[in-house]
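The values are calculated or read from the model by the stated rules, or taken from the named source; none is laboratory data. As the structure is a computational prediction, the values presented were derived from the model and not from experiment. Cβ: placed from backbone, ideal geometry, glycine included. Neighbour counts: every protein chain shown. Remember, those area values only see protein heavy atoms, side chains included, never the ligands or the DNA or RNA. Shrake-Rupley method; radii C 1.70, N 1.55, O 1.52, S 1.80 Å.
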Amino acid sequence: MNALNSPLSNGLSRRNLLRAGGAGVALLALAACRSATDKSSEGAGASATPKRGGTLTLASGLDYTPSLLFAQSAMTHVQRLVFNTLTRYDDKLQPQPELATSWQLAADGKAVTFKLREDVLFHNGRKFTADDVIFAVKNLQNPVRSAQLRSTALAVTNFEKKGDFELTLTLAHPVSNLFDLFEFMIITDEATVEDAVNGKQLIGTGPFTLAGRNPGSSLSFKRNEKYWLPGRPYLDAVEIRVIPQADSLLSSLKTGQSQLSYDVLGKDVAALKGDSQYRVKEYATGAGAYYLGVNLSAPQVQDKRVRQALAWALDRDRLVKQALGGVGFPSSTPWPKSSPVYSEAGAAHYTHNPDKARALLKEAGVDTLTLPLAHANTPGGTAIAQILQYDLKQVGITVELQPTDSATMQKQLISQTMPALWTLSHGFAQLHPATLTVSAYPFNEAKNSSKFSSPEYTRIVQEAWNRADGDSAEAKALYQKISDTLLDEAFVIDLAVAGRTEVATGKVAGADLNKYAYLILDDAYLTA
């Protein structure tokens, strides 16, 4: 994107750009949001001219869970293949048009008016209208959906249509992360939504239609011939193969059985970076983070000093090098470097200091401790858990590993039924800072997986969220207080920040992810 054509170069703040809506986004245009890459190692075979046709095969380490369609789960490839969102962020977190063509945000942040595309059809032939946006918001307000952005959706209290393609949403109060909701919220067909969450069918407006599903094995998609974006998608079909074994997944890429994956282990990614047959792309601004969660309902970890001891005991540098293959960076905080909350001091707050960990345990009256540690039963999840197990043993804490399938762990996060310790990855820190603490299950101030609560934590989170001036100095001071509280209370102990890594053969071009790691293949094509 040429900086001379960017609204930011003309003195518009992010808040003013959101208010300007149509005028600002018209300058950027939809094509400006196509690239989400920060670091790319281009392999051979890239073509300057997109080609029509062919089937792209993607290797996924995890299966699709229909009941989690509206939640940010481990497998997020389906959402943006079949569905669309109202807007989509570029790399500067500026919203760009998708099903919304323009918008106007009220000065007080308590209303937003959208103008919608008039040429969009659902896969069943029904026309997309403002009623579908109303349903999409109400659908996320439904607690049954377990949607992390539910709190933001609940801020919407009224809908006012002006014809079929203009809609005003009224909010009970301003929210600083409003467009995070619209990046997250897929537009679904109301009549078939229950079929969607029960795995029977998926009806959206997206570039591909669901052609078949074999649970635990594969999903098949075919080109939506009536897609609203002219000439897209280029691909005729997409096949997702579920390959939970890391060696088998890597082999599928090397033998040409698949051409794309986001689940290659870090150590294997490092080896492929030097191979001209592959293209490796790191999504640093769409980052996630690895963490150790602590359930405060376990009496052994209710003392903050014990939790801080856990944080000091862990060797984050070794974890990044050995378990993540050098992808990402060690960090005591959840924030990627693109976040306004990130600081080197925060990231380095907890270093590997076993002596300090032992001193805190002694101060808390703990000599030895035995705790369960749940982890995903994937090669990557197991590698991280084993490193944590070793480090904690050095300070007198014995952990008993509990390998668990990813779908079960997601349900345990939602239902607050995790054991005393668990390790997983989380997202949401790569978006507006308030989104992490009102949306992500491990951090949610109202109800989190650790069962942590604090009036002060609630106060600063709500003050950071309930405001229209999310870019102000006062707002940024609140974000810093949130970060300081997370470090001090240590109910979530962050280990490393690492974005999704795309590995593609030289035959693939144009694949992308949005900020929630939804797979976007509108512009993807096969070069040979």
Report summary line: Condition set among the small types (Gly, Ala, Ser) and either assigned to a helix (DSSP H, G or I) or free of Cβ contacts under 8 Å to residues at least 60 places away in the same chain (or both), scope region 470-491, selection surrounded by the most Cβ atoms within 10 Å (Cβ to Cβ): answer is SER483
Requested in this report: Assess whether GLY231 counts as being modelled with pLDDT of 95 or more, farther than 28 Å from ALA191 by Cβ and not aromatic (Phe, Trp, Tyr).
Outcome: yes
Report summary line: How many residues of region 397-451 are modelled with pLDDT under 95, out of contact with any helix residue (DSSP H, G or I) (no Cβ under 6 Å at 6 or more places or on another chain) and hydroxyl-bearing (Ser, Thr, Tyr)? The answer is 5
Report summary line: Reported set for region 475-528 where residues are touching a Gly at 6+ places or on another chain (Cβ under 6 Å), of a type in the set (S, T, N, Q) and more than 22 Å from GLY274 (Cα to Cα) is SER483
Report task. Please enumerate the residues belonging to region 277-307 that are within 12 Å of PHE491 (Cβ to Cβ), among the polar types (S, T, N, Q) and surrounded by 21 or more Cβ atoms within 10 Å (Cβ to Cβ). Result -> ASN295
Report task. Looking only at region 448-469, decide whether some residue is assigned to a loop (DSSP other than H, G, I, E, B), farther than 30 Å from GLY109 by Cβ and touching a residue at least 40 places away in the same chain (Cβ under 8 Å). Result -> yes
Query raised in the report: Quick one: THR435 ticks every box in (1) part of a loop (DSSP other than H, G, I, E, B); (2) hydroxyl-bearing (Ser, Thr, Tyr); (3) buried (at least 21 other Cβ atoms within 10 Å of the Cβ) bar one, so which box is it?
Result: (1)
Report summary line: Subset of region 417-429, residues touching a residue at least 60 places away in the same chain (Cβ under 8 Å) and open to solvent by 20 Å² or more (accessible area, probe 1.4 Å), comes to PRO419, LEU424, SER425
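Can you pull out the residues in region 494-528 that are in a strand (DSSP E or B) and aromatic (Phe, Trp, Tyr)?
If the condition is that a residue be in a strand (DSSP E or B) and aromatic (Phe, Trp, Tyr), then TYR525 is the only one that fits.
Test of understanding: among GLU502, GLU445, which residue is of a type outside the set (S, T, N, Q) and open to solvent by 10 Å² or more (accessible area, probe 1.4 Å)? So that I can check it myself, show each step before the final result.
Numbers: GLU502 fails: open to solvent by 10 Å² or more (accessible area, probe 1.4 Å).
Going through GLU502, GLU445 in turn, just one is of a type outside the set (S, T, N, Q) and open to solvent by 10 Å² or more (accessible area, probe 1.4 Å): GLU445.
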Requested in this report: Need at least 1 residues that are within 24 Å of the chain's Cα centre (by Cα) and on the phi < 0 side of the Ramachandran plot per element, so show me which helices (runs of 4 or more DSSP H) inside region 344-420 make the cut, counting only ones lying wholly within it.
Outcome: 344-347, 379-393, 406-415
